[in-house]
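Participant: Below you'll find the structure I mean.
The values are calculated or read from the model by the stated rules, or taken from the named source; none is laboratory data. Everything quoted here is computed from the prediction, not taken from an experiment. Heads up, the Cβs are rebuilt from the backbone with ideal geometry, glycines too, and the neighbour counts pull from every protein chain shown.
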Amino acid sequence: MTASDDVRAPQLGHLDFLGVFAVVRRGERILMVQNARVVHGVPTTTWDLPGGQVEPGELLIEALARELDEETGLALRGPAEFLFVQEGERVARGRRRHAWRSFFFALPALVGEPRAGNEILDVAWLSPSEIDERLHAPYHDSFREWLRQGGHWFRSRWDDPA
């Protein structure tokens, strides 16, 4: 969902991450995309919300529409509703490597079926209990907390092993 160990994530001395992510519901289920990541130095797959990095000069809603299309083939129709923001820091050996800020939006029901696009391995509609079982990357903490109790601002921390 947010900054990860993959090649797109900022490295020491690079710019911070600004991201947008879509919460798309179908009944009780939420649309998730599967990504190949490296977490704590271990190659793995993660389930994340559709979304990603805001490009220079791009507005949040433009980035959200672009990422949704690239990752799922779905088009943003209608207004997106702001849900919450996650501000996080990635720390190694007690020092901040970078910070990230991710904005999460609810999207209206979309027409069509999502498909895995771009670098996405798979798409799935997951229930809250499936999400709780499958989302364990350090950056998932805020989304899981939001699902449990709501809220509008969350702080996150990713500690890399020394």
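Participant: Looking at this structure, is residue 63 in contact with a Lys or Arg (Cβ under 9 Å, 6 or more places away or on another chain) and hydrophobic (A, V, I, L, M, F, W, C)?
Facilitator: Judged against the criteria, residue 63 is not a match.
Participant: Which pairs do you get when a residue that is in a loop (DSSP other than H, G, I, E, B), found in the stretch 15-26, comes within reach of a residue that is among the small types (Gly, Ala, Ser), reach meaning Cβ atoms under 8 angstrom, with the pair 6+ apart or on two chains?
Facilitator: Sorted first by the residue in the stretch 15-26, then by its partner, the pairs are 16/99.
Participant: Any residue in the stretch 64-93 that is more than 11 Å from residue 50 (Cα to Cα) sitting within a Cβ distance under 6 Å of a residue that is surrounded by 15 or more Cβ atoms within 10 Å (Cβ to Cβ) and of a type in the set (Ser, Thr, Tyr)? List the pairs, counting only those 6 or more apart or interchain.
Facilitator: That search, which allows pairs on different chains as well, returns 86/102; 86/142; 86/156; 88/156.
Participant: Also, I was wondering about something else. Just checking, does the stretch 143-153 include any residue being among the polar types (S, T, N, Q) and either at negative phi or at pLDDT 90 or above (or both)?
Facilitator: yes
Participant: Name the one entry in 62, 55, 67 that is closer than 17 Å to residue 17 by Cα, touching a helix residue (DSSP H, G or I) at 6+ places or on another chain (Cβ under 7 Å), not polar (S, T, N, Q) and not in a strand (DSSP E or B).
Facilitator: None of the other options fit; the residue is 55.
Participant: Now for a different question. Looking only at the stretch 143-160, count every residue that is assigned to a strand (DSSP E or B) and either charged (D, E, K, R) or surrounded by 14 or more Cβ atoms within 10 Å (Cβ to Cβ) (or both) and tell me the total.
Facilitator: So the answer is 7.
Participant: On the basis of being under 17 Å from the mean Cα position of the chain (by Cα) and either closer than 15 Å to residue 22 by Cα or not polar (S, T, N, Q) (or both), does residue 110 make the cut?
Facilitator: no
Participant: Does residue 111 fit the bill of being surrounded by fewer than 13 Cβ atoms within 10 Å (Cβ to Cβ) and at pLDDT below 95?
Facilitator: So residue 111 fits the description; yes.
Participant: Next up: Do the conditions hold for residue 77, that is, is it over 25 Å from residue 15 (Cβ atoms) and either in contact with a Phe, Trp or Tyr (Cβ under 7 Å, 6 or more places away or on another chain) or part of a helix (DSSP H, G or I) (or both)?
Facilitator: Numbers: over 25 Å from residue 15 (Cβ atoms): yes; either in contact with a Phe, Trp or Tyr (Cβ under 7 Å, 6 or more places away or on another chain) or part of a helix (DSSP H, G or I) (or both): no.
Spelling it out, it is not the case that residue 77 is over 25 Å from residue 15 (Cβ atoms) and either in contact with a Phe, Trp or Tyr (Cβ under 7 Å, 6 or more places away or on another chain) or part of a helix (DSSP H, G or I) (or both).
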